[in-house]
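Asks: Before we start, here is the structure in question, set down as structure tokens.
The values are calculated or read from the model by the stated rules, or taken from the named source; none is laboratory data. Just so it is clear, the structure is predicted and the values come from calculations on it, not from any experiment. All Cβ positions, glycine included, derive from the backbone under ideal geometry; neighbour counts span all protein chains shown. With ligands, DNA and RNA removed, areas are computed over all heavy atoms of the protein, side chains included. Shrake-Rupley method; radii C 1.70, N 1.55, O 1.52, S 1.80 Å.
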Amino acid sequence: MPPIHKTKSDLARSHVQELILSGTLRPGSRLTTRQLSEALGMSETPVREAIRLLAAEGWVTLSPHQGVVVASVDTGQIAEIYAIRGALEALAVRRGAALYSAAQRDALDRNLAEAQAAVAARDVAAYARLNRAFHALLSDTPHTQWTLRLLDNLWAQTAAAGRGFEAVPARMAASLDEHRAIRAAIAAGDTERAAELLVAHERTAGAALAAALRDQG
């Protein structure tokens, strides 16, 4: 398969995303096209295009007074994001569960085993990575690629805002139990039950995170 050609705008967009996901740029941080063009060694034209795309996807906001600002997520938006995630993941399971390969099911089981070790070690970073991988495995089928794309952006948004298990580390064990129940429903061939559990799982996760952030604020 030939390599995918990336334009200068694509490179600038990826650069900003990496800065946000790594925590180098935090919510509320300001960006300028000049800074980015100088850092990347390119003109401001592709940088402006990258910023327009990032704004459309919710990574940054454009303000007439502040310019380009890394987006923040409030507790009300968190509840909405997690509700959307639950609905999309349920759709993915309903459309794609019948297509899960043996390798995919084995990967889910390995994920659960590794997640158990992460919970025991209280390794928040490892559990966060495994949590996202678990949900991605459930959503990655030939019939759910658009759903997976939408979910990937939503997952990135919560990571970009610095949200997740680092705010609610005590929820890791309950999250793992919920993952096990979802996997058990899939193993039993009860796709509808798995979908319902995913909706409840994301709703509970969103509520816990929003409550933790309100307490911190």
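Asks: Multiplying the sequence separation of residue 120 and residue 143 by 0.36 nm and subtracting their Cα-Cα distance, what value in nm do you get? Intermediate results must be reported in sequence, preceding the final value.
Replies: On the way: separation 23, 0.36 × 23 = 8.28 nm, distance 3.54 nm.
The residue 120-residue 143 span can extend by a further 4.7 nm.
Asks: Helix 75-96 versus the longest principal axis of the chain: what angle, 0 to 90°, nearest 10, using Cα atoms?
Replies: Approximately 60 degrees, to the nearest ten.
Asks: Short version: ³J(HN,Hα) in whole Hz for each residue of region 44-53, in order, from phi by Karplus 6.51 cos²θ - 1.76 cosθ + 1.60 (θ = phi - 60°), x for Gly and Pro, what are they?
Replies: 6, 4, x, 5, 4, 5, 4, 5, 4, 5
Asks: If you don't mind, there's one more thing I want to ask. Let me have the 222 nm mean residue ellipticity of the chain computed from DSSP H runs of 4+ only, each contributing -39500 (n - 2.57), with the sum over all residues rounded to the nearest 500.
Replies: Details: 9 runs with 152 residues, N = 217.
It lands at -23500 deg cm²/dmol.
Asks: Expressed in nm to one decimal, what extension gain is obtained for the pair residue 204 and residue 45 from 0.36 nm per residue of sequence separation less their Cα-Cα distance?
Replies: Working: separation 159, 0.36 × 159 = 57.24 nm, distance 4.31 nm.
Result: 52.9 nm gained on full extension.
Asks: OK, next. Against the longest alpha carbon principal axis of the chain, how many degrees, from 0 to 90 and to the nearest 10, is the axis of helix 145-160 turned?
Replies: The answer is roughly 70 degrees.
Asks: Now a separate question. Please list, ordered by chain and number, the residues whose modelled amide H lies under 5 Å from the amide H of residue 60; skip anything fewer than 5 residues away on the same chain.
Replies: 55, 71
Asks: Which residue, 195, 205, 103, has the most motion in a Gaussian network model of the chain that connects Cα atoms within less than 10 Å?
Replies: 103
Asks: Once label points are set 7 Å from the Cα along Cα→Cβ at both residue 110 and residue 55, what is their separation, rounded to one decimal in nm?
Replies: 4.3
Asks: GNM, the chain, Cα, under 10 Å: largest mean-square fluctuation among 27, 64, 46?
Replies: 64
Asks: Okay, moving on. Which percent of the accessible area of region 1-154 is formed by carbon and sulfur heavy atoms (probe 1.4 angstrom)? Please report the intermediate quantities before stating the final value.
Replies: Numbers: 4870 of 8740 Å².
Carbon-and-sulfur percentage of accessible area, whole number: 56.
Asks: Over the chain, with the other protein chains present, what is the accessible area per residue in square angstrom, probe 1.4 angstrom?
Replies: Details: 11480 Å² over 217 residues.
Ligands and nucleic acids excluded, the figure is 53 Å² per residue.
Asks: What is the mean projected area of the alpha carbon convex hull for the chain, to one decimal in square nanometres? If you can, show how the numbers build up before the last one.
Replies: Working: hull surface 54.0 nm².
Directional mean of the projected Cα hull area for the chain stands at 13.5 nm².
Asks: Filter the trypsin sites (Lys or Arg not before Pro) in region 84-146 down to the DSSP loop ones having no more than 13 other Cβ atoms within 10 Å, then list what survives.
Replies: 122
Asks: Continuing with the same structure: Using a 7 Å offset from the Cα along the Cα-to-Cβ direction at both residue 26 and residue 6, what is the distance between the two label points in nm, to one decimal?
Replies: 2.7
Asks: Lys/Arg Cβ at +1, Asp/Glu Cβ at -1, dipole of region 48-108 taken about the Cα centre: which of 54, 67, 99 is farthest positive-ward?
Replies: About the Cα centre, the residue reaching furthest to the positive side is 99.
Asks: Along region 98-105, what does the Karplus equation 6.51 cos²θ - 1.76 cosθ + 1.60 (θ = phi - 60°) give for ³J(HN,Hα), rounded to whole Hz, x for Gly and Pro?
Replies: With the stated coefficients, region 98-105 comes to 5, 9, 4, 7, 4, 5, 5, 5 Hz.
Asks: On a full-extension model of 0.36 nm per residue, what is the gain between residue 152 and residue 98, subtracting their alpha-carbon distance, rounded to one decimal in nm? List each step's numbers first, then the result.
Replies: On the way: separation 54, 0.36 × 54 = 19.44 nm, distance 2.15 nm.
Between residue 152 and residue 98, full extension yields an extra 17.3 nm.
Asks: Sticking with this one: Report the relative contact order of the chain, percent, no decimals, based on alpha-carbon pairs under 8 angstrom and at least 6 residues apart. Each step should come with its number before you reach the end.
Replies: Numbers: 242 pairs, mean separation 56.6, N = 217.
Relative contact order of the chain: 26 percent.
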